[in-house]
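Everything below concerns the one structure shown next.
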Amino acid sequence: MLSFDNDFLKKLKKYDYTFIVPIVFLIAIWVTIFTVNPLFLNLRSILSVLVTAVPLIICAFGVTHVIRLGSIDLSIEGQAAFSAVLVSFLLQNNLNNFDLGFWAVIIAVLATTLIGLLNGVIHTQVKIPSFISSFGLGAIATGAAILIYRGEPISITDNGFRGFFTNWNFNIPNILFITAVVFIFLYYLQKKTIIGTYVDAIGGDEKLTRLNGIPVDKFKIISFGIAGFCYGIAGVILAARLGTGTADLSTGLLLNSIAAVLLGGTALQGGNGGVIRTLIGAIIISSLKTGIIVLRINPYFQEGFIGIVLVTVLLLGAKRGKLVINK
Amino acid sequence: MTAPYLQLEKMTKEYPGVVALNKVDIKVNYNEVVGLVGENGAGKSTLLKIISGIESPDSGNYFLEGKEVKYNSLLEAHKDGISLVFQEQSLLPNISVAENIFLGSEEKYMKFGMLNKKKMYEETRKYLEMVDSEIDPGTLTGNLEFSDRQMIEIAKSLRIVEESDQKNSIILFDEPTSVLEDEEIKKLFEIINEIKKDHSVIFVSHRLDEVIEISDRVYILKDGKNVEDRPTKNINQKELHNLMVGRSLQEEYYKIKDQNEIDYINGKVVLATNDLTEQKNKNFCDCCFELYEGEILGFAGVQGSGKEQLGRALFGLEQVMGEIKCESYKDIIDFPPEAINRGIAYIPKERSLEGLVFGFDVNDNINLPNYRNINKYGVIDKEEAKEVSRKWVKRLGIKTPSIHTPSGSLSGGNQQKVVLAKWLAINEINILILDHPTRGIDVGAKEEIYELMREVVKRGISIILTSDTLEELIGLSNRIHVMKDGEIVKTFMAEKDNKPTQEQIVSHMV
């Protein structure tokens, strides 16, 4: 007789099915795309879909840590825009006659990291909900970005910089390497350091975590800083890709990033999930957008279509039963 | 004579409106298991919180191995080898067993910012072995059974005292057995006996037989004072219970001379149930009872006997089968508005969670259920609302600076009066379900609540009562139903001059 039945069922029951639903969904999208248009079945087109998704993926990585804390960050678009404009301003462009080169990238990313840390400080020390503090700081960052170029778009003329982010090496686009580095860094942070454990613990129960003597505020501030770091990189990539720095470069990133995190199966109440899930979630969104074009669906449906998918996947895959609270 | 391992002198702790501990003295010797018993609100949990550093006392001295100490947090106490096994578990469900056991002290396993999980898991196994548990350290804690989590909680405490590097240490158990099965309790006792070889133990429990079995000595707390301490060798459950409950029935205290005489032959039945059964967990089964006009009907029973759930069911807060006959209605009550339509009001024991909207002022709280009567097309008649709340503040003697004071800032007794006022303000209410109405309020305020209850039943309102203490239940009730394992097993009449004794009731409770 088969003796696995009881144990097997138990394991199956405990298996985290929220991980499976997004993957099945992603495969379904690509199978549909390939059946409608078999010409799409080549590495180059798949890579180009990934490349388009890079700013979204990196922003979503950043906000993943914040969401695992049980907090939320609404400053994604503001910070990414600020970074994009700042980096274009500091590089050689049509308005200035100096070029900080690679330092411009470092300064821009450092600036958003500081904004992120400040976001965490305001949230934890002034004790206001993160969705308010981040909303305010995001608006300030957008405002600062507009102030830098005063309505006149900055065109980057430093081709070395643009090339670094847009060229291909070994038949793979450079920015995919950058994304991989960011991913590995965040994955190790989540899996191998105490930051990862504490972030989960805080998301699980902040009061209990405090009772164990863990400096909760410190780890919250660090997480918001990491998020800022990611938005900064995304902003730089956006600027490099378009060659100009304007404040509306990042439009749409906020909702899509949070949607990507949720689609991947990280719960809004915090305490679980991670960057692998977010990667899948972000690729789903980007694939959907491609799919809409390949399937010749009226592009006016795009936003609504993504909304429907988001709700459907969440209904199927989300761990529910616990009240969702935005801390 | 050497000093005891741990000694508390004249520990006093006051919370707003209630003295939780009043000059309590306690000694724990090396390698001794000390039991701590007392009724709800006697101060057991507060005492443990002070010993473990979660709360600081208002006054009193705390000696450890003869030296005076002062702890401002749990962690400071941990460093001296004092660890508390929490009653409500302190483990996070969404991280692994190993991560829980080492939460907050991972430095040992850090190298260049990386966490060596393998080593941490191995170390975890060592502690799990101590509690005889074979759980994989990588298991997600939330996936485990409650009793397994209890063992992990103990393993965590062992880790804490071991890491403190003290020669002697103490582990505090706050009601560890309340949810365990017999088999698991046996295992727990084996572990405690093992712990005793190296450490001291304080053991708090509601189950007196267990306290007698496991402890060497037992302290009895009552109303925040310690009554006495006894070696457990020559004490039995009954004696212990008498010491715990203490004072004899006080007629004056419970206003017994004002008790209504109920005519059980011709009197009006205002509510009757038929085979009422809770659906999900069978917390109570086939309960049949009748409530007469002007009666106070008490429900006695140990924790888990289903008495609270029965009360909640009458207000539509539990899923039940059976029949609730009330006025012209005959079916069960699904949700609170139905209950209110039938004139039933419920006063919960978790005043802060279920009874009051803390951010609201007194006026809004009193009128909250009443707004449905004093509005015109949805617009609230504010003047009438204020008049209603002023009237009730005056009638119940609620001590509040004004009706616009936030309810959260009142004392416990006055908060409870606000809860009572909000239901009494509705004219149609004629049945009150009181779930532990005097929990967490001081003696003076209790007396006022008793007076109020007598006054209310004089007006023809009936009360269903569950209570923290049997003494209170006997003192107030006209009749007492004893519940055990979800069934009504015995009914006592409790007329003015013929009250049952606590022993009589207890013998049917256990």
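Side notes on the structure shown:
- For residues of A:187-199, the mean tally of beta carbons on other chains within 10 Å: 4
- Calculated FRET value between B:Ser56 and B:Ser164, using beta carbons and R₀ = 22 Å, to 0.05: 0.65
- Placing dummy labels 7 Å off each Cα toward the beta-carbon, the span from A:Lys192 to B:Val227 is 6.1 nm.
- Entry note: the stretch A:16-81 has Rg to Rh equal to 1.09, where both radii use alpha-carbon atoms and Rh is the Kirkwood radius.
- Sequence-distant residues sharing a close amide H with A:Ile172 (under 5 Å, placed H): none
- 5 angstrom amide H check on B:Glu295, placed H, neighbours 5+ away: B:Ile463
- Convex hull volume per residue, computed on the Cα atoms of the stretch A:192-327, equals 141 Å³.
- Per-residue ³J(HN,Hα) for the stretch B:274-279, Karplus 6.51 cos²θ - 1.76 cosθ + 1.60, θ = phi - 60°, Hz, x for Gly and Pro: 9, 6, 6, 9, 7, 6
- Expressed as a fraction of 2.2 N^0.38 Å, the value expected for a compact globular protein of N residues, the C-alpha radius of gyration of the stretch B:379-469 is 1.10.
- Residue pairs, from the table A:Lys192/B:Lys187; B:Lys222/B:Lys496; B:Lys222/B:Lys307, whose Cα atoms sit over 28 Å apart: A:Lys192/B:Lys187
- Cross-link check: pairs B:Lys399/B:Lys422; B:Lys13/B:Lys67; B:Lys257/B:Lys399; B:Lys10/B:Lys196 evaluated at a Cα-Cα cut-off of 24 Å; pairs beyond the cut-off: B:Lys257/B:Lys399; B:Lys10/B:Lys196.
- Projected label points at B:Ser73 and B:Met321, each 7 Å from Cα along the beta carbon direction, are separated by 5.3 nanometres.
- In a reduced charge model with +1 at each Lys and Arg Cβ and -1 at each Asp and Glu Cβ, the stretch B:129-233 shows a dipole moment near 600 debye about its Cα centre.
- Dipole magnitude for the protein assembly as shown: computed about the Cα centre from +1 point charges on Lys and Arg Cβ and -1 point charges on Asp and Glu Cβ, it is near 2420 debye.
- Alpha carbon convex hull of the stretch B:58-103, volume per residue in cubic angstrom: 111
- Average beta carbon contacts from partner chains per residue of B:140-152, 10 Å cutoff: 1
- Linear extension gain, B:Asn427 paired with B:Tyr329, 0.36 nm per residue minus alpha-carbon span: 33.4 nm
- Directionally averaged projected area (the stretch A:14-124, Cα convex hull): 11.4 nm².
- Karplus (6.51, -1.76, 1.60) ³J(HN,Hα), θ = phi - 60°, over the stretch B:195-204, in Hz, Gly and Pro reported as x: 4, 4, 4, 10, 10, 9, 9, 10, 10, 10
- Prolate/oblate/rounded label for the stretch A:122-261 (Cα gyration tensor, a/c 1.5): oblate
- Order by protection proxy (mean Cβ within 10 Å, highest first), peptides A:253-265, A:291-303: A:253-265, A:291-303
- Vicinal HN-Hα couplings computed from phi for the stretch B:412-426 (Karplus, 6.51 cos²θ - 1.76 cosθ + 1.60; Hz; Gly/Pro x): x, x, 6, 4, 5, 5, 5, 4, 5, 4, 5, 7, 5, 5, 8
- Estimated translational D of chain B in µm²/s (Stokes, Kirkwood radius over Cα pairs; 37 °C; 0.692 mPa s): 130
- Between A:Pro38, A:Pro173, A:Pro153, the GNM of chain A built on Cα springs shorter than 10 angstrom shows A:Pro38 fluctuating the most.
- Calculated over the stretch B:310-450: convex hull of Cα atoms, volume per residue (Å³): 117
- Farthest positive-ward along the stretch A:38-195 dipole, Cα basis, beta-carbon charges - from A:Ala111, A:Ala144, A:Ile67: A:Ile67
- Test item: B:102-110 mean partner chain Cβ contacts at 10 Å: 4
- Rg and Dmax [Cα atoms of the protein assembly as shown; Å; Rg one decimal, Dmax integer]: 32.5, 104
- For B:Tyr15, distant residues with modelled amide H under 5 Å away: B:Ala20
Bear in mind these aren't lab numbers, they're just calculated from the coordinates by the rules spelled out. What you are looking at is a predicted structure, and each value in this text was computed from that prediction instead of being measured. Cβ sites come from the backbone with ideal geometry, for glycine too, and all protein chains shown count toward neighbours.
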